[in-house]
Structures are given as structure tokens and as C-alpha cells.
1. Kindly indicate which of G185, G121, G154 is surrounded by fewer than 17 Cβ atoms within 10 Å (Cβ to Cβ) and either touching a Cys at 6+ places or on another chain (Cβ under 8 Å) or not basic (K, R) (or both).
2. Determine which member of the set L171, L145 is buried (at least 17 other Cβ atoms within 10 Å of the Cβ) and more than 21 Å from the chain's Cα centre (by Cα).
3. Return the only residue of R126, R112 being of a type in the set (D, E, K, R) and surrounded by fewer than 18 Cβ atoms within 10 Å (Cβ to Cβ).
4. Among the residues of region 66-81 satisfying the criterion of being surrounded by fewer than 17 Cβ atoms within 10 Å (Cβ to Cβ) and touching a residue at least 12 places away in the same chain (Cβ under 8 Å), which is farthest from V26 (Cα to Cα)?
5. Given the conditions (1) outside the structural domain of L31 (by TED's automatic domain parsing); (2) in contact with a Ser or Thr (Cβ under 7 Å, 6 or more places away or on another chain), report the number of the one that R131 does not fulfil.
Amino acid sequence: MSALKIKKGSNKHSAYNLRPTFSDVVESHTLAVVVDNEPGALARVIGLFSGRGYNIDSLTVAEVDHTGHTSRITIVTKGTPQVIEQIKAQLGRIVIVHDVHDLTVEGPAVERELALFKVEGEGEKRVEALRLADIFRANAVDSTLNSFVFELTGPPDKIDAFADLMRPLGLTEIARTGVAALLRGV
């Protein structure tokens, strides 16, 4: 009978518990970090990520208050809920950081990115590239006999979808700004 005893907590790998636990789910989060606009501020924030092995999927930074000398760093990163909470807590401890907001958690946010696409091609591929650019509302900002440069603004998934469609048509280069984001509403 003692061979049938089950250790406490050993049902972790049971067929009844196939859903991932809270700590197993990796999510993408958009963080807005307001910092003093001073030399080395960005390096300190980025140093936190590199020092702990966290990856940054997107990064934008710009001064947002000229008189208050503050900048806003928008970072898109992935991690489990525990990792994201750890990142936010560690960012909040940096002296130059005024605020840390997790836009993914705080409410619906508007996220936009600007991208430039260089597409080289001739004949039907050129016509198809122009047709798709029109559908996506991309602007042709440069044109030669062999190539176009398209400008597209939108959410990151729109940028990704446009890139996927342009690859077979001669996409040779992409430049992306990174995500800029704000919470919706008041």
C-alpha cells in the first residue's frame, strides 16, 4: 500500500493539470519610463536589461518636457509576469527614473511605429508593390527606375504584415523607429 502513496505536490505533471502555470506564460509588455534628460540616462536603463539578460524588442526615446528636462523611454519587452514585475521594480529604483508605466496592464493603449521599406523590382513586381502599398496606405517617398522607398505608419503587426508581403516582391531593406505608445482616454 505504501507504493501507492503520492507525494504532496507531485501532481504538477498530472494529465489534469495541462494548462501552463501563471509563471510559464511569456507576454509582450510596453513600458513607458520617464527619466531625467541627462547624459548616461539611457545607458543606465538599458544596462539594467543587458545586465540581467532581458531582451528589448523595441526602444524609442525622446525629450518630452524641455523645461523639466525629462525624456520618455518606451520599451517593448517579453517575459513572464514575474519577470515583468521585476523589471518594473528595478527600473523604479534607478535614481534618474521618475515614473514607470506598464501600458499593457494599465489599460488600452495606442501603439504606432514608423517604418521605411526599400523594394527593388521591375515589371509586374513593381506594379504589385504599388498596389499593396496603396492597400496599406503606405506612401512612396522615393522612386527610381529600379526601386521604391515606402513609408508606413501603424501598429507593429501592420508593419510586420506589410514586410511579409513585400519580401517576395523585392524587399531589400527595412528601417523601423520602434514603438511609440500612449494610454487611450483620460
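1. G185
2. L171
3. Result of the check over R126, R112: R112.
4. The extreme case among them is H69.
5. Answer for R131: the failing condition is (2).
The values are calculated or read from the model by the stated rules, or taken from the named source; none is laboratory data. For clarity, every value in this text was computed on a predicted model and none was experimentally measured. Using ideal geometry, Cβ is built from the backbone for each residue, glycine included, and neighbour counts are taken over all protein chains shown.
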